[in-house]
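The values are calculated or read from the model by the stated rules, or taken from the named source; none is laboratory data. Since this is a predicted model, take the numbers as computed values, not measurements. Cβ placement follows ideal geometry from the backbone for every residue including glycine, while neighbour counts extend to all protein chains displayed.
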Amino acid sequence: MEQNALYYPHIGLHNPSWIKAMALFYDNIYRIVPDNVIPEDSAELQPLLEEGSIGKMIDPAKYSRQASEEFLAKIEDWSAAALCCSDEEEQALSRLHTDKTDERVRELFREAGFKEENNWMYVPTALASNFMLYMANLIGTQNKLSLITSDWGAWTGTSYFGLNGQIDESIISLGDGADNAYSEAFGLFGLILSELIPMNISEIPANDILTFREKRQDEINNFRTCMYELREELSKLESQEVRVGTIQNKAKELIRAQEQYKASADIIKAKGWFGVSLMGFPAPMIFGQLLSIPHASTVALGAAGLAIGGLFNIQNTKEELKKLNQQNNASFLVELRKSFKGYTRARGGGDMNYHAFNCMEEYVND
């Protein structure tokens, strides 16, 4: 887990509770804002914004050319139907700032007859949103930022782009009876950690969040480091390196760090905890066999709401996966008033991994 994060897909910080929650354990939170655009932020966040670490702006202009060229070059190879616009979607237009696209892309929009006005282009929502997700993935990778969002659709989109669209539509059975021939295949797994956000986060003043960040820096860093080390161990790409015992020890270290982190929140008077973090990471299929992870389900790693589950297959080679593992550090942090253990009842079937899998499948199959 990186110490800094990129908040996407929105520019304005409209949800003070969620931003305050993210500020509890990210040192800096960036967002993509074109030059001369002033975001509309919640007044409740003013102390955090004035301090300067939260809401930092990244000008997309320097990334627009590379993002535009890559997006145009790869779009034909991606199978996601969500990348194509239906007749109805063609009628739904979104504003895309010209700084976020290279001249080549803007010219294509102009030739297609899309309107441009005061540095804003009005393009199909599906195309604009997918391009912005691709740019967020690019900026996050180049600046070593975790991608954070509370939107399932955005998470599936950036995960898809992070894996360069190389996924299968269904996951191989990972549980008992899985063929050893699959040990050379790879999948995207989900690390899930519950109890991240104080239940009374909406009542905690931004000034108290600042005090917590200053006085509890050691607990925050330790919690973040343990989460990162567990993810790294889970991401081993050579089957002989997958060590269940080491994973279990890292999980125990993370649980201890989380308890210390929660205890240190006395300074903000936290009244209980909720919330879930889901981070995707590539790993060999033998990993799922060793942990006996069933199809699109989760296996608990500890008593503190820590689990892992399989999402879907990846079509890349070993070398490609090694590179992806270094670049794809997306995390999905979403507020839930129930832990992931209660997600089945809340959603009427399946668990969080299963829901994430369904979101990705919908993104691919529309």
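Some values worked out for this structure:
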| quantity | calculated |
| --- | --- |
| Pairs with Cβ under 9 Å, 6+ apart, first in segment 41-65 and in contact (Cβ under 8 Å) with a residue 12 or more places away in the chain and not assigned by TED's automatic domain parsing to the domain that holds ALA206, second of a type in the set (Phe, Trp, Tyr) and part of a loop (DSSP other than H, G, I, E, B) | SER53/TYR26; ILE54/TYR26 |
| Failed item, numbered, when PHE186 is tested on (1) under 30 Å from PHE287 (Cβ atoms); (2) over 21 Å from the mean Cα position of the chain (by Cα) | (2) |
| Tally, over segment 193-203, of residues that are outside any strand (DSSP E or B) and either surrounded by fewer than 21 Cβ atoms within 10 Å (Cβ to Cβ) or of a type outside the set (A, V, I, L, M, F, W, C) (or both) | 4 |
| Checklist (1) buried (at least 19 other Cβ atoms within 10 Å of the Cβ); (2) in contact with a helix residue (DSSP H, G or I) (Cβ under 6 Å, 6 or more places away or on another chain) applied to ASN207, failing item | (1) |
| Segments classed as helices (runs of 4 or more DSSP H), wholly inside segment 1-116, with at least 3 members that are closer than 24 Å to TYR160 by Cα, under 24 Å from the mean Cα position of the chain (by Cα) and at pLDDT 85 or above | 61-74 |
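Conditions (1) within 30 Å of ILE201 (Cβ to Cβ); (2) under 16 Å from the mean Cα position of the chain (by Cα); (3) buried (at least 21 other Cβ atoms within 10 Å of the Cβ), marked per residue:
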site: ASP266; (1), (2), (3): yes, no, no
site: LYS269; (1), (2), (3): yes, no, no
site: GLY272; (1), (2), (3): yes, no, no
site: ALA283; (1), (2), (3): no, no, yes
site: GLN315; (1), (2), (3): no, no, no
site: LYS318; (1), (2), (3): no, no, no
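Here is a yes/no grid of residues against (1) in contact with a Pro (Cβ under 6 Å, 6 or more places away or on another chain); (2) in a helix (DSSP H, G or I); (3) farther than 21 Å from SER331 by Cα; (4) not β-branched (Val, Ile, Thr):
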| site | (1), (2), (3), (4) |
| --- | --- |
| ARG231 | no, yes, no, yes |
| ASN249 | no, yes, yes, yes |
| ILE255 | no, yes, no, no |
| GLN289 | no, yes, yes, yes |
